[in-house]
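A short reminder: the numbers here are calculations on the coordinates, not readings from a lab. Note that this is a predicted model, so its numbers are computed, not measured. Quick reminder, even Gly has a Cβ in these numbers, built from the backbone with ideal geometry, and neighbours come from all protein chains shown.
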Amino acid sequence: MQLRVSLAFARLPDKELDNFTLGVKDRMTGNGAYPTPPVTTVNLEAARVDFEEKIAKAASGGPPDTAAKNNSRQVLLGELRQLASYVQINCNNDMATLLGSGFQAMSTNRAQSPLDQPTSLDVQNGTSGQLIASVTPVKNTSLYEGRIKGPTGDWLPSVFTGDSQHIVFDGLTPGTTYTVQVRALGGATGQSDWSDPSSHMAM
């Protein structure tokens, strides 16, 4: 059966779409399986940065800023859809090659089944006060939920992203060790089990 690239990223909230695009850009850059993409990673990054800037302006601006943000989102989605079509054609019907682009595969199951627990959770430092988690992509899902907590207290508000390799936690306290877990959303039960926890110190 022919693999198809999922276009579910179009339904992601603005910030999660921004994160998803960053993941695609990072994994398409220098990827030998995709030597001549219809949208260069430079142009994709330019569209992503424009969208990111307009998200920030819309948060404190008026209707014109929101309209500008929405227009920028559509431009970005157009570029992602072009890349998704290119990846679908050039992945040679190989799942690993498809997932290596940063995109997800469309489910071929007509009946929903429980999602696998995310594995291989890895947590690294990003910018100051930021941790970035990644897990092995879970089949038949396009959205991940990450949660984090310090040595005391409850879990902080979850973050959501379509990119299994770029689950970003911001606003953390440098020098504090945090515990992270990730789960996949969807399937017959609505979500997978949480991954095994991983701890890492924010810098």
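Which of the peptides 155-162, 19-26 is most tightly packed, and how do the rest follow, judged by the mean count of other Cβ atoms within 10 Å per residue? Spell out each step's value before the answer.
Working: 155-162: 16.8, 19-26: 22.5.
So the order, starting with the most tightly packed, is 19-26, 155-162.
Would you grab the residues whose amide H sits under 5 Å from the one on residue 193? Only those 5+ places off in sequence or on another chain, please, with H modelled 1.01 Å from N.
117
Identify which of 134, 85, 164 has the largest mean-square fluctuation in a Gaussian network model of the chain, with springs joining Cα atoms closer than 10 Å.
Among 134, 85, 164, the largest GNM mean-square fluctuation belongs to 85.
Which lysines have a Cα less than 24 Å from the Cα of residue 149, not counting those fewer than 8 places away in the same chain?
In chain and number order, the partners are 15.
How big is the chain by Rg and Dmax over its Cα atoms, in Å?
Cα radius of gyration and Dmax of the chain are 17.3, 49 Å respectively.
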